[in-house]
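Taking it in order: structure first as structure tokens, then the write-up.
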Amino acid sequence: MPQNVLLAEDDRAIRHALERALTLEGYEVTAVADGVEALAQAHRRQPDVLVLDVMMPGIDGLQVCRVLRAEGDRTPILMLTALVETADRIAGLDAGADDYVVKPFDVEEVFARLRALLRRTGNAGDLTGKTSPEASGPVAPGAVGAASPAQESGLVSAAGVRMDVQARRAWRGARELELTRTEFDLLELLVRNAGIVLDHATIYDRIWGYDFGPGSKNLAVYVGYLRRKLDEPGAPALIHTVRGVGYALRED
């Protein structure tokens with residue numbers, strides 16, 4: 001069965017070109033010109049993934065994203081944006097988006113990011129080390145050993161963070177964290193490898209399935225956003241940056 005993409009883009013030329021490219025790539029595409037129709041289509045038939053332009057008249061892509069997330073819809077969302085400032089990317093993540101592509105974009109990059117989002121939805125174990133034999137090996141040298149009974153049941157914890165992987169819920173202490181899909185996957189990877197420094201390439205491969213290159217700010221934006229949700233006044237920071245290498249979760 002071809003996977004269904006709901007594409008919302010008000011620029012007719014971009015919409016038609018992307019719809020044709022996605023169709024040729026093997027996707028079933030529902031293309032609309034505004035946020036109102038995007039919500040109507042999403043409610044009519046849940047897509048496998050959404051591609052939303054940020055700047056649309058009326059209801060824009062961010063508002064569409066917020067509405068769907070408020071309704072409990074966890075369908076992966078890829079944002080198309082001409083806005084390149086960090087604050088703009090954070091606004092998209094805050095709305096609940098999973099990833100973004102900056103215009104003008106290469107259609108191959110859109111394909112790669114869609115494949116990564118759909119892999120995470122359909123076979124998350126391959127990317128976050130949940131249950132598959134391939135994922136039970138190390139994600140970095142010496143990172144993961146045999147799973148404990150708690151881990152096998154979907155419960156993982158480290159440094160005061162608890163996660164119920166099957167229920168997609170996480171807590172720091174008694175406080176439950178409100179996380180997007182990508183934030184949850186990133187935190188799970190760090191918790192499962194607590195105390196281990198995970199390099200950028202490993203994290204990109206495990207979370208996105210695609211290395212965006214040394215110039216990408218994607219990972220730094222997500223780490224910063226996750227830190228804001230994790231950190232508490234007077235409590236130690238949990239996610240530590242090892243400059244030039246990557247990130248580690250530990251309670252100093």
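What follows is calculated from the coordinates using simple rules that are stated; it is not laboratory data. Because the structure is a prediction, the values reported are computed rather than measured. Backbone-built Cβ (ideal geometry, glycine too); neighbour counts: all protein chains shown.
With r defined as the distance between the Cβ atoms of Thr121 and Thr241 and R0 fixed at 35 Å, what FRET efficiency is calculated, to the nearest 0.05?
0.75
List the GluC sites (Glu not before Pro) within region 160-193 that DSSP assigns to loop and that have no more than 15 neighbouring Cβ atoms inside 10 Å. Could the numbers behind the result be given before it?
Values: sites: Glu176, Glu178, Glu183, Glu188; in loops: Glu178.
Those that pass, being in a loop and sparsely packed, are Glu178.
Compute, for region 183-252, the length of the dipole vector about the Cα centre, with Cβ point charges of +1 (Lys, Arg) and -1 (Asp, Glu) only. Units Debye, rounded to 20.
140
Multiplying the sequence separation of Gln166 and His43 by 0.36 nm and subtracting their Cα-Cα distance, what value in nm do you get?
My answer for the length gained is 41.8 nm.
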